[in-house]
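Each remark here refers to the structure printed beneath this line.
Just so it is clear, none of the values below were taken in a lab; they were calculated from the coordinates. Remember, predicted model here, so these are calculated numbers, not experimental data. Note that each Cβ is placed from the backbone with ideal geometry, even for glycine, and that neighbours are counted across all protein chains shown.
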Amino acid sequence: MRKAIFPGSFDPLTNGHLDVITRSSPLFDEIVIAVLNNPDKKPMFSVEERVQMIEEILPAIKHNGCVLTVDSFSGLTAEFARRIGASAIVRGIRAVSDYEYELRMALMNRKLEPTIETVFLMADEEYSYVSSTLMKQVFLLGGRVNGLIPELVESRMREKLNTAGPQGH
Ligand code: PNS
């Protein structure tokens with residue numbers, strides 16, 4: 001049983017994330033999309049909202065027979081992977097600028113859990129500039145993000161914006 005985790009903040013999930021999930025699906029029997037609960041950050045969506053959104057999107061993801069599940073975790077990624085019996089950590093690389101941070105993280109995770117391998121996948125070039133942070137920024141400033149995030153995510157972002165009311169000066 002080849003089990004992997006795909007960890008991240010997913011605030012929110014983008015089409016770049018979906019691309020990495022689909023690309024990694026033929027390599028594993030199960031992939032757990034692991035949403036980090038980071039109390040230091042002020043996210044747009046709560047962990048519960050993120051997990052629920054991903055669960056709703058899950059059935060529409062092309063998965064090549066791989067079982068896709070969602071979970072949340074606090075603390076160390078490597079420790080979470082070990083605890084649930086995963087042998088790999090999947091990460092997407094968009095550009096060279098991602099590499100140094102990802103390398104340091106992979107080496108640290110290997111130091112913490114030497115039996116767990118990090119597997120890097122190159123995201124489609126179509127999404128090479130797509131990040132959750134940029135999507136939020138563009139959306140909040142009224143720009144178009146269609147085709148870059150799932151429609152469900154876009155509608156939840158709109159709901160957030162409407163309930164939060166106008167911000168700033
Ligand atoms: O894609 P993201 O949102 O930048 O995800 C980063 C994430 C969640 C993978 C990373 O911040 C992480 O693993 N955090 C958990 C804490 C941890 O394990 N730190 C040591 C790894 S170097």
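Some points to look at:
- Candidates ILE33, ILE89, ILE61: whichever shows maximal mean-square fluctuation once the chain is modelled as a Gaussian network with Cα springs under 10 Å: ILE61
- When the pairs LYS3/LYS111; LYS3/LYS42; LYS62/LYS111; LYS42/LYS62 are compared against a 28 Å limit on Cα-Cα distance, LYS3/LYS42; LYS62/LYS111; LYS42/LYS62 fall above it.
- Annotation note: trypsin sites (Lys or Arg not before Pro) in segment 5-89 located in DSSP loop regions with a Cβ neighbour count of at most 12 within 10 Å are LYS41, LYS62.
- Note on the chain: GNM, Cα springs under 10 Å; of LEU148, LEU76, LEU68, the largest mean-square fluctuation is that of LEU76.
- Full-extension gain in nm, ARG110 to LEU140, via 0.36 nm per residue minus C-alpha separation: 7.0 nm
- The chain: relative contact order as a whole-number percent, Cα under 8 Å and 6+ apart: 29 percent
- Residue with peak Gaussian network fluctuation, the chain [Cα springs, cutoff 10 Å], from LEU36, LEU58, LEU13: LEU58
- Classification of segment 18-133 by its C-alpha gyration tensor yields a rounded form. The axis ratio a/c (a ≥ b ≥ c) stays under 1.5.
- Dipole moment magnitude, nearest 20 debye, segment 1-145 about Cα centre, only Lys, Arg, Asp, Glu C-beta charged: 220 debye
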